[in-house]
Amino acid sequence: MRRRIRYASRYRELAKKVKEHVPDAEVTGAEGRSTSFEITMNDQLIFSKLETKGFPYAEDIIDAAQKASRGETVSKITKKQNCVVM
């Protein structure tokens with residue numbers, strides 16, 4: 001039996017931090033492929049765990065959300081935290 005990895009708690013934590021810094025942000029989440037964790041802003045993929053093999057730093061996502069809320073261009077985030085499976 002293969003254990004399914006879920007990232008709901010990471011999503012909730014990140015969503016809370018984004019809303020603290022960008023109160024008007026619409027933050028939604030959906031379960032996707034197993035082991036995926038992707039973030040889009042204004043229909044643009046800005047972070048993919050599948051590509052980086054890690055999770056984003058909250059500060060980078062908050063910065064991107066603040067830029068997006070000001071109408072600025074948001075670049076893809078490639079900096080990541082290392083994944084640790086326990």
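The values are calculated or read from the model by the stated rules, or taken from the named source; none is laboratory data. Just so we're clear, the structure is a prediction, and the values are computed from it rather than from any experiment. Heads up, the Cβs are rebuilt from the backbone with ideal geometry, glycines too, and the neighbour counts pull from every protein chain shown. Just so you know, the surface numbers come from the protein's heavy atoms only, side chains and all, with ligands and any DNA or RNA stripped out. Shrake-Rupley method; radii C 1.70, N 1.55, O 1.52, S 1.80 Å.
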Report task. Working only within segment 45-62, note down all residues that are over 15 Å from Thr35 (Cα atoms) and open to solvent by 70 Å² or more (accessible area, probe 1.4 Å). Result -> Tyr57, Glu59
Query - Selection within segment 28-66 - under 10 Å from the mean Cα position of the chain (by Cα) and in a loop (DSSP other than H, G, I, E, B) - result: Gly29, Phe37, Pro56, Tyr57
Report summary line: Sole miss for Gln66 among (1) open to solvent by 100 Å² or more (accessible area, probe 1.4 Å); (2) modelled with pLDDT of 90 or more; (3) not aliphatic (A, V, I, L, M) is condition (1)
**Report entry** Hey, Lys76 in contact (Cβ under 8 Å) with a residue 24 or more places away in the chain and open to solvent by 100 Å² or more (accessible area, probe 1.4 Å) or not
**Finding:** no
Query - Hits in segment 11-27 (condition: open to solvent by 90 Å² or more (accessible area, probe 1.4 Å), at pLDDT below 90 and part of a helix (DSSP H, G or I)) - result: Arg12
Requested in this report: For segment 77-86, indicate whether the set of residues that are part of a strand (DSSP E or B), on the phi < 0 side of the Ramachandran plot and either touching a helix residue (DSSP H, G or I) at 6+ places or on another chain (Cβ under 7 Å) or not small (Gly, Ala, Ser) (or both) is non-empty.
Outcome: yes
**Report entry** Single residue of segment 28-40 satisfying the filter (open to solvent by less than 70 Å² (accessible area, probe 1.4 Å) and in contact with a Phe, Trp or Tyr (Cβ under 9 Å, 6 or more places away or on another chain)) that is modelled with the lowest pLDDT
**Finding:** Thr35
